[in-house]
Every structure is written in structure tokens, then in C-alpha cells.
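Accompanying notes for the structure given below.
The values are calculated or read from the model by the stated rules, or taken from the named source; none is laboratory data. All of these numbers come straight from a predicted model, not from anything done at the bench. Cβ atoms come from the backbone with ideal geometry, glycine included; neighbour counts cover every protein chain shown.
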Amino acid sequence: MKIFDAKEIFKFAIRIEENGMKFYRYAAVITDDDEIRKTFNFLASEEARHKEIFEGLLSEVTKDTAFETYPDEYFNYLKTYVDNVIFTDKQFEEAMSDIKDTLSAIDFAIKRELDSILYYHEIKRFVPEKQHNLLDEIIEEERKHYTKLIDIKENYT
């Protein structure tokens, strides 16, 4: 069993939101569709707002926060998942180089929204129950983003 550092889950969440902001800003620049550009800019602002929420939650975690222990297998799963969702700057640049048009940007965004939803569901077990409602709100917003992107894709193609 390992002791989990609760601060790490919020640092990971902040990084996910930062990557989302960068991506949506990039996607807004490369698209030639004004409505989709507006949507990408809106989604970038949503990611910035989520980042602020997670920064607030991170600031509430103290050294005396009670930690629980979980099996190593679960930590390995979460670590591997995070390693594949949270890009380093170099990995982010490589991923962005594959996105050349609006459709590839939409597809990438859909996958990232799903990745975020899964991560936020997974971390709920590591945060105090009083913060679950806030995570649920963010999960619901990410679901709305996903649905919006699916609608955009259907209308675009």
C-alpha cells in the first residue's frame, strides 16, 4: 500500500486544464469556420475557469490532510493514465503538429474531453466528500463540452 499525496491529483487536474486551454486556443486559430472558432474560444475560457477551481482546491489541501492508502495496482493505473493524458510541453507540441484542420481538431478535442471526464471520476475517491459536488459540476461541464463537440462534428461533416 502507498500513501497518496492529495495535492498531486489537483496538480494533475490543473495541468489537464492548462493543456485544454492551449489546445482550444490553437484550434481556434487553425479553423476557418467562425462559429467553430467561437466555440473553441469559449471552451478555452471554460478550461481556464476549471483551472482556477482546481487551484482553489489545491490551496485548501494542508499537510495535515488525512490520506488513505490504496493498493499499488491502483496507483500504477492512475499514474499510467495521467502520464498519457497530461502532456509535457514537448509531447503537446508533437500532438499539435498532427492537427492540421478543423476536423482533426474536433476529433482531438472529443478525446481529451472524454479523458478529462474519466480522470475526474477517478480522483473523486481521493478528495474529501465535501468537494465531490464541485467535481461533479466540472464533470457535467466536461460532458456538455463533449456533447457540443459531437454536435459540431456532425454538422461540420
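Against the list (1) surrounded by 17 or more Cβ atoms within 10 Å (Cβ to Cβ); (2) modelled with pLDDT of 80 or more, the condition E129 fails is (1). How about the range 75-106: which of its residues are modelled with pLDDT of 70 or more, assigned to a loop (DSSP other than H, G, I, E, B) and loosely packed, with under 15 Cβ neighbours inside 10 Å? Once the filter is applied, which keeps residues that are modelled with pLDDT of 70 or more, assigned to a loop (DSSP other than H, G, I, E, B) and loosely packed, with under 15 Cβ neighbours inside 10 Å, the range 75-106 yields D98, K100, D101. So is N155 within 20 Å of F42 (Cβ to Cβ) and exposed (fewer than 13 other Cβ atoms within 10 Å of the Cβ) or not? In short, yes. Is it true that Y120 is without any contact (Cβ under 8 Å) to a residue 40 or more places away in the chain, within 25 Å of E55 (Cβ to Cβ) and surrounded by 13 or more Cβ atoms within 10 Å (Cβ to Cβ)? No, not satisfied. Only residues that are outside any helix (DSSP H, G or I), modelled with pLDDT of 90 or more and of a type outside the set (S, T, Y): list them for the range 1-44, please. Selection gives D32, D33. The residues in the range 120-157 that are under 16 Å from the mean Cα position of the chain (by Cα) and either more than 26 Å from T31 (Cβ to Cβ) or among the acidic types (D, E) (or both) can be counted, and the count is 13.
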